[in-house]
Amino acid sequence: MSREKPDRTKYPVLERVDVPGDTRAVWQDIVDLMADIFRVPAALIMRVHARDIEVFVCNRNTAHPYRQGLRERLDTGRYCEEVMSGRRPLLVPDAPSSPRWAHNPDLSAGMISYLGMPITWPEGEVFGTICVLDSKSNAYSGDLIRLMHKFAHLVESDLRVIWSSLQISRAHEELHRLNDEMNRFMGIAAHDMRNALNVFMGCSRYLLPRGDGLSQKERIYLDLIDKSGSTLIQLMDELMDIARIETMHLPLHLETVNLIDIVAENVQYNQHLAEDRGIRIHVRDPGKPVMVRVDPAKIEQVLNNLISNALKYSPAGSAISVSIDAAPERVVVSIRDQGLGIPKDEQPGLFNPFHTTSIRPSTGETSTGLGLFIARRIVEEHGGRIWLESEPGAGSVFSFSLARVRQAPRHAAQKKGTPAHTRNIA
């Protein structure tokens with residue numbers, strides 16, 4: 001009786017997915033246990049490939065002819081090919097008694113009996129088989145057959161985990177790709193809109209000083225146009241910053257600098273706003289250089305965001321405190337205001353994009369909800385962190401940390417040291 005060759009088109013092969021080493025180690029324990037329980041010389045997990053079949057895992061017993069990694073070509077009449085082509089278990093109690101297995105290579109290797117189950121990937125591709133082989137006739141009991149089913153299900157469960165992990169990884173990669181495309185588009189769109197807004201703002205600012213012939217209502221409208229345009233330009237700038245950060249197109253130009261100088265310059269930059277609102281700014285520093293390795297322009301951007309926010313939400317006649325606390329390894333910059341504070345339920349997610357609170361600026365300005373997100377990303381890119389402490393009615397403290405550099409550069413040592421003090425800027 002001749003045996004038909006298995007039709008391999010019935011079992012699509014999935015070769016490109018790897019099985020992790022820790023999973024193979026578990027499978028090794030399974031086949032070793034099977035060999036002991038079934039009392040057979042060989043227990044195998046076989047993996048099929050496009051043109052051959054591989055001994056993927058075998059029990060650690062030198063009394064059988066199989067070795068891990070051994071490959072043999074397909075269509076040679078092996079027991080496992082029958083299992084894969086039929087997608088069903090196969091029991092061969094005594095191969096020599098059946099002409100069907102007369103040319104089976106496993107029989108020529110001395111493996112007379114066989115019990116095997118198919119193993120498939122979650123989407124139906126055949127992985128291979130799990131099987132036991134014996135050098136003597138063996139009908140295998142019903143309990144052993146049921147146990148073989150359990151082992152096959154264990155292996156298929158591992159394959160489902162591997163497949164799910166692969167799908168999650170692919171989804172993450174696709175999401176990352178789409179996010180990059182979105183940020184590139186956002187950056188381009190923000191840049192083009194900003195150019196148009198600059199023309200818009202230029203026209204409104206040209207007309208405002210020359211509006212003698214306008215009615216009061218028309219001047220109010222023109223002033224609203226100017227303020228709205230300023231807000232939109234700020235939004236465009238922040239969107240462009242986010243696009244650069246998210247697509248990693250914002251390289252840091254690191255320098256070793258004295259953080260006290262950066263803070264002082266930024267406070268001085270915001271001084272005119274403080275004077276206009278009658279707000280005092282107190283600066284407290286250690287009185288000696290605090291060296292950090294940062295991108296000065298980016299840290300200035302963080303400071304400007306936090307100090308301008310403190311000014312924006314502080315009542316007239318109040319005070320803002322900017323402190324620099326230097327530990328041996330880290331330095332913390334804190335900006336404390338005397339505003340209304342932020343409700344506890346509105347604090348989570350405050351450093352996420354477009355997150356705003358119910359607290360309105362004391363000057364009536366608008367907020368885009370992007371500044372704190374940009375500040376967080378810049379600080380994190382420097383290896384630091386940023387956080388908030390706030391109680392309703394007691395103001396807010398925004399702080400961020402940076403790594404401290406122990407050795408001051410030569411040019412910094414030549415600068416005149418700043419004595420320990422608290423400065424007031426009003």
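The values are calculated or read from the model by the stated rules, or taken from the named source; none is laboratory data. Just so we're clear, the structure is a prediction, and the values are computed from it rather than from any experiment. Here Cβ is always computed from backbone atoms with ideal geometry, including for glycine, and neighbour counts include all displayed protein chains. Ligands, DNA and RNA are excluded from the accessible area calculation, which covers all protein heavy atoms including side chains. Shrake-Rupley method; radii C 1.70, N 1.55, O 1.52, S 1.80 Å.
Tell me, in nm to one decimal, what length is gained between ARG284 and LEU91 on full extension, where the rule is 0.36 nm per residue of separation less the Cα-Cα distance? Show your work: numbers first, answer last.
Details: separation 193, 0.36 × 193 = 69.48 nm, distance 8.36 nm.
Stretched out fully, the ARG284 to LEU91 stretch lengthens by 61.1 nm.
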Projected label distance in nm at THR256 and THR231, using a 7 Å step from Cα toward the beta-carbon: 4.6 nm
Candidate aspartates and glutamates - alpha carbon under 14 Å from LYS288, same-chain residues fewer than 8 apart omitted: ASP261, ASP325
Computed FRET value (nearest 0.05) for LEU33 with GLU123, which takes r as the C-beta separation and R₀ as 41 Å: 0.90
Computed lengthening from LEU224 to ARG51, 0.36 nm per intervening residue step minus Cα-Cα distance: 54.9 nm
Inter-site label distance for GLU346 and THR23 at 7 Å from Cα along Cβ, in nm: 4.9 nm
Percent carbon-and-sulfur accessible area, the range 1-143, ignoring ligands, DNA and RNA, probe 1.4 Å: 49 percent
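Mind checking the full-extension length gain between ALA316 and ASN61? Use 0.36 nm per residue of separation minus the Cα-Cα distance, one decimal, nm.
Contour length minus the Cα-Cα distance gives 83.3 nm.
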Overall form of the range 298-346 per C-alpha gyration tensor (a/c, 1.5; a/b vs b/c): prolate
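Tell me, what is the per residue accessible area of the range 1-139 in Å², probe radius 1.4 Å? All intermediate terms of the calculation are to be shown ahead of the outcome.
Values: 6580 Å² over 139 residues.
Result: 47 Å² of accessible area for each residue.
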Virtual spin-label span in nm between TYR206 and GLU389, 7 Å along Cα→Cβ: 5.2 nm
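When ranked by the protection proxy of mean other Cβ atoms within 10 Å per residue, highest first, what sequence do the peptides 30-39, 331-340, 131-140, 61-70 form? Let's see the in-between values first.
Details: 30-39: 17.7, 331-340: 21.5, 131-140: 19.8, 61-70: 13.9.
The peptides rank, most packed first, as 331-340, 131-140, 30-39, 61-70.
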